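Chemist: Please read through the structure below; I'll follow up with questions.
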Amino acid sequence: MLAEPSVLALSLAYVGLLFAVAYVGDRHARAWSASSVAPAVYGLSLAIYCTSWTFYGAVGRASTAGFDFILIYTGPALLIVLGYPMLRKMVRLAKQHNVTSIADFLASRYGKSRAVGVAATLFATVGVLPYIALQLQAVSSTFKTIAEPASWLGGSNGVVHTDTSLIVAALMAVFTILFGVRHVHASEQHRGMMLAIAFESVVKLLVLLTVGPFVLFVLFDGPGDLLARVEQAPQVAERVLHEGSPLTWIVMTLLSAMAFLCLPRQFHVAVVEHGHPASLRTARWLFPLYLLLINLFVVPIAAAGLLLLGPRVNPDLFVLQVPLSQGQSWLSALVYIGGLSAATSMVIVACMALSGMIGNELLMPYLLRQQARWGAGTTGAMGPLVVFVRRAAVVMILMAAYAYERVISGYLPLASIGLISFCAVANFAPGVVLGLYWRRAHRHGVVAGLAGGFMVWLYALLLPTLEQSEGGGLVAPLQAYLPSPLAELDPVGQGFVVGILLNTLLLVVTSLLVPARGRDAEQADAFVLGAELDQLDSGQLERGQHEREAPADSARLDELREMLARFVGADRAVRALAGERLSLDVALSRTERVLSGTLGAASARIIVAAFERRGRLLPRRARALIDEASEAIRYNYDILRNTLDHVGMGIAAFDREGRLEIFNERFTSLLSLDDSAVAVGATPGEFGAAPEVVALLRRPEAPQTHEIATRDSRVVELRLDPLPGGGFVATCNDVTARVRTAEALRESDRRLRQAAETLEQRVVERTAELEASRAEAEAANLGKTRFIAAASHDLLQPLHAARLFTAALIDRMPANDLAAKIDTSLGAVEALLDVLLDISKLDAGAFSPENRPFPLQPLFDSLATAFAPVVARRGIDLRVAPTGAYVLTDPAFLRRILQNFLSNAVRYGHQGDRPPKVMLGCRRVGDALRIEVKDNGPGIAADKQAAIFDEFVRLQAEDDAPRDARGLGLGLAIVDRIARMLDLPIGLSSAPGRGSTFSVTVPRAAAVAAAAPAQPAPPPAASLEAECFVLCIDNEPSVREAMATLLSGWGCRVATAASAGEALGAASRAGRLPDLVLADLHLDGEVDGLAVIDALRATWSRQVAAALVTADRDPTLRLRARTYQVELLHKPVKPAALRALLRLRRRAPTETTSTV
């Protein structure tokens, strides 16, 4: 630790250095503010966002919440990068309207409303007080940490230790008064102070960039060593490497972005102090870079603090305590200076901005009303009074922050205090953003939104801090009322979300329900459409007015200059109202703009409006007497005015000449009158009202009631009552709801009648549309089916020829292993094409299932027989549970489903050394049967079970599966399509390591009589192919050649032909009729193979045995072949099937069967 006098001297020396920087900056402001240095100073001054919260509190939050601390900086970085157009528009509008603060910006946007300015000022002041208290607490705690009390200077606690916060507040008040509140014109830029703030930003950045490497490379052996130490301490790793929920990241990012936009100090630096044209462009990259650098070592410092000091030490002071614990007093002193820089820059600018808001929006309007209007006692200059008020406000703000710091000192971490202030000023964001882009937003909406958001902030965030006990943490009063996602947020996040939602809702709803009046629409156009109106600058407008209007009276202009000089000085007043032929309107506009930069938009409007209402000049003494006499009248008038303004109906009284005597605001709003035209003494014709309203506003002989449709689509009931002494009273009420209800009832009745009349026509039209859609779908389906048929024929023709050639090669060279491998590969291609064609047909709806009742046991037996060779070869125990059940479905398609289930079980149902088992059985489920195929294989993970029903999905790797177990990945895809076609539910129950169970549920059926079993065919005789004469008809030469090669190898006599004529010639040359005719279905010239066979039989007068060999898989083709007594073989033909056909036809030449 350092001695208290040393630390105090170091603090005073640094503050003195700031004075020197600010003084030099002011002296040479004109030189450097126009140079390329100005944008860099502007970008660094934005780093005022990084207060002692960043310097100390970021490390404290990182030590408890991990990387959540970075959220406070991602919002501003994203805003200045992505929200650059909005910031540029804000700066431009602020310069155009001479805005002095965030409250003045809101007041200017919303009709120069004093209510908006007052509300924003009160909310900003109360909201920022915790933030200023945070800076006082940070400086006080760090001073007490680094400075050893000097008891010889007074008491055991030392001089400064007695109340460090009070001394710091006093020093900051002096600096702010000397360099921040020196000018009357609040919108003037403080070049020296901005240079000092930029200097402080550099200091605090350099300090943290010094401490960080010290921690990483002096206390530890680099980042790797520190990370290893953290991982060895689970409690430290859990705190430092903690990652918050996504909802927390979103909420905190939005909160920080809104706070950056609306903090009074940030608005002052970013908008009011903006000068150089390139400043905002430079800040767009400089400010995010600064945020990155200043937070670069936050997590390492937090981790080092937890490892070296433990959790009992206040984590907010780790930046200071780590060097102190290592005896590095010089580094500790440097850290203290960095923290002092972070705190002083924030407090100075915040107090300067708040003092301007309090003076312009609260105190000055009150003081102006208490003095005689431009009479005795106000002839002196008002500038010193304005400066005094602002300086007094600085002192009051710092004393209030000091009091709050005394209440919460030691109870809450720095980050929590800062977030509370963030939530307060974030309530300005809906009004600012919507004010820039939504023309319908107006003063009533923004006041309602601010009030709602501020009440939530008071209840949920501020008041709980005043009831804290040390170490108790921040309570969450809203948690019990929020849904689960929001209830999981911390109390700050809950208060922010609820407050912003309520604020935005009230702003939007109130703006939609309550119409805008007066200057609201005018200012909305100026702000929302400001970009489009830039070309019409103020000089052009003033010149146009100057050309149209006559010059103002010189005495009137002199009085206006005199009034303006009281606030801004004679020189500035003369410059503002210079010009020989200046019209009064232009002079008043210039005066209001100059006063806006001094007193704010609301106060400036009050003063100019008061000046406009005076129609003639009076001597100063006479004006003073009149003002004194009017005070009593004004008091009574205020009472009457307040009463009228709080009455729910609109009221106006007119004299016997029809001139307005008194009215309330409700009267003008209900009748949509022009606020600027409605004044005491005006006639209804001057109100800017609709002609029908003007016609009604005259004295009636008896009470009358009228209903009026206003310009904003409301219905107002106007009642007129005559007064005894002449004149009359007009009262009005909004009866829109009542009238709209009656109209809605009438409209509902009319629509019901119309609906009844048109319902039948709509039904007819809809029916026609459905018929057209159905026809279009059927046509598309038919086209797809035709395409499938053509594709299957073209793909299978060459494959058919290749299979025949390989079969012939195998017959001639049975020992040739290469021929067998080629045949196997062609078989795989054939299987793939068959499956793909089946899938295409299923998708096209080409199959028509034939549901019928049948027993399950024969189907089970046939499947067991078919899989017996495979399971025997692979050592699989296949068990079939017997059943006597009957089911109702298509037996062929059900077989396909179960066959694919069994294929998968046989292929993949094995795991390690465990004996593979597969079981086929069924169980009753209500009125249905669930057929199951179980295996004891490796199982399927839950996240992959849905994927296996997609095409070409195989979960077992190629290298892990045996060659004969590698499927195509299409079997379950076919199962899924067949099941959907049959409307049969399929299921899968599996877990890794526990096997799989595939199931299909089918309806049960009653038992039916079993058909007589077919007599088995006699065994084929040996060598029946010998001397067999086969005639092959096909339009593909390769198919003819392949068929001849294969059959001749079997000892057959073969003749080939491409048409019926060639077939007759071939038979004639052979001198005998063929024993068997093999014909393709699709021959050249759209000739049908069945027709060729029929023609040959007619020519030969003999029913020659024949078979149709085709790639066409049309389901109706089998019935046609049966009609012609022709066998049906599908390409590519398997040699075994062809050999069986030859033997069968040699025995019975005229016998036919349905298929082979």
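The values are calculated or read from the model by the stated rules, or taken from the named source; none is laboratory data. This one's a predicted model, so the numbers in the text were calculated from it and none came from an experiment. Here the Cβ positions follow ideal geometry from the backbone for every residue, glycine too, while neighbour counts run over all protein chains shown.
Chemist: Quick one: which residue in 744, 755 is among the small types (Gly, Ala, Ser), at pLDDT below 85 and more than 30 Å from residue 443 (Cα to Cα)?
Modeler: Details: 744 fails: at pLDDT below 85.
Step by step, each of 744, 755 is checked, and only 755 is among the small types (Gly, Ala, Ser), at pLDDT below 85 and more than 30 Å from residue 443 (Cα to Cα).
Chemist: Okay, moving on. Could you check, for the range 44-60, whether at least one of its residues is surrounded by fewer than 21 Cβ atoms within 10 Å (Cβ to Cβ), assigned to a helix (DSSP H, G or I) and in contact (Cβ under 8 Å) with a residue 12 or more places away in the chain?
Modeler: No, the range 44-60 contains no residue that is surrounded by fewer than 21 Cβ atoms within 10 Å (Cβ to Cβ), assigned to a helix (DSSP H, G or I) and in contact (Cβ under 8 Å) with a residue 12 or more places away in the chain.
Chemist: Within the range 669-687, does at least one residue satisfy the condition of being more than 48 Å from the chain's Cα centre (by Cα) and free of Cβ contacts under 8 Å to residues at least 12 places away in the same chain?
Modeler: yes
Chemist: Additional query: Would you tally the residues in the range 882-916 being touching a Leu at 6+ places or on another chain (Cβ under 8 Å) and assigned to a strand (DSSP E or B)?
Modeler: The total comes to 3.
Chemist: Examine the range 206-219 for a residue that is crowded, with 17+ Cβ neighbours inside 10 Å, closer than 18 Å to residue 346 by Cβ and modelled with pLDDT of 90 or more, and state whether such a residue exists.
Modeler: yes
Chemist: With respect to residue 366, is the statement that it is farther than 13 Å from residue 607 by Cβ, out of contact with any Pro (no Cβ under 6 Å at 6 or more places or on another chain) and modelled with pLDDT under 75 true?
Modeler: For residue 366, the condition - farther than 13 Å from residue 607 by Cβ, out of contact with any Pro (no Cβ under 6 Å at 6 or more places or on another chain) and modelled with pLDDT under 75 - is met.
Chemist: Just to be sure, is residue 1055 modelled with pLDDT of 90 or more, surrounded by 15 or more Cβ atoms within 10 Å (Cβ to Cβ) and within 20 Å of residue 1041 (Cα to Cα)?
Modeler: yes
Chemist: Can you report the number of residues in the range 1106-1132 which are surrounded by fewer than 22 Cβ atoms within 10 Å (Cβ to Cβ) and under 21 Å from residue 1063 (Cα atoms)?
Modeler: Here the count works out to 5.
Chemist: Kindly indicate whether any position in the range 740-755 is at negative phi and surrounded by 13 or more Cβ atoms within 10 Å (Cβ to Cβ).
Modeler: Within the range 740-755, one or more residues are at negative phi and surrounded by 13 or more Cβ atoms within 10 Å (Cβ to Cβ).
Chemist: Return the residue satisfying two criteria in turn: it lies in the range 976-987 and is loosely packed, with under 15 Cβ neighbours inside 10 Å and outside any helix (DSSP H, G or I), and of such residues it is farthest from the chain's Cα centre (by Cα).
Modeler: First, pick out the residues of the range 976-987 that are loosely packed, with under 15 Cβ neighbours inside 10 Å: 980, 983, 985, 987.
Of the ones still in play, those that are also outside any helix (DSSP H, G or I) are 983, 985, 987.
Numbers: 983: 41, 985: 39, 987: 38 Å.
The extreme case among them is 983.
Chemist: Related question: Scan the range 308-343 for residues that are part of a loop (DSSP other than H, G, I, E, B) and either among the polar types (S, T, N, Q) or within 22 Å of residue 201 (Cβ to Cβ) (or both) and report the count.
Modeler: Here the count works out to 3.
Residues checked against (1) under 22 Å from residue 51 (Cα atoms); (2) free of Cβ contacts under 8 Å to residues at least 60 places away in the same chain; (3) more than 29 Å from the chain's Cα centre (by Cα):
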| residue | (1), (2), (3) |
| --- | --- |
| 291 | yes, no, no |
| 302 | yes, no, yes |
| 310 | no, yes, yes |
| 314 | yes, no, yes |
| 334 | yes, no, yes |
| 348 | yes, no, yes |
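Chemist: Still on this structure: Just to be sure before I move on: is residue 35 closer than 23 Å to residue 269 by Cα and not in a helix (DSSP H, G or I) in the structure I sent?
Modeler: For residue 35, the condition - closer than 23 Å to residue 269 by Cα and not in a helix (DSSP H, G or I) - is met.
Chemist: Could I ask something else about it? Does the range 703-762 hold any residues that are touching a residue at least 60 places away in the same chain (Cβ under 8 Å) and out of contact with any Leu (no Cβ under 8 Å at 6 or more places or on another chain), and which are they?
Modeler: 712, 723, 725, 726, 727
Chemist: For residue 738, all conditions in the list (1) under 28 Å from residue 440 (Cα atoms); (2) basic (Lys, Arg); (3) assigned to a helix (DSSP H, G or I); (4) at pLDDT below 80 hold save one; what is the number of the exception?
Modeler: For residue 738, the exception is condition (4).
Chemist: So, in the range 272-296, exactly how many residues are modelled with pLDDT of 90 or more and outside any helix (DSSP H, G or I)?
Modeler: 2
Chemist: Let me ask something additional. If only one of 896, 852, 879 is at pLDDT below 90 and in the same structural domain as residue 982 (by TED's automatic domain parsing), which one is it?
Modeler: 896
Chemist: Here are some residues: 1107, 1121, 1091. Which one is closer than 30 Å to residue 892 by Cβ, part of a helix (DSSP H, G or I) and either touching a Leu at 6+ places or on another chain (Cβ under 6 Å) or of a type in the set (Val, Ile, Thr) (or both)? Step through it out loud before you land on a result.
Modeler: Working: 1107 fails: part of a helix (DSSP H, G or I); 1091 fails: either touching a Leu at 6+ places or on another chain (Cβ under 6 Å) or of a type in the set (Val, Ile, Thr) (or both).
Exactly one residue qualifies, and that residue is 1121.
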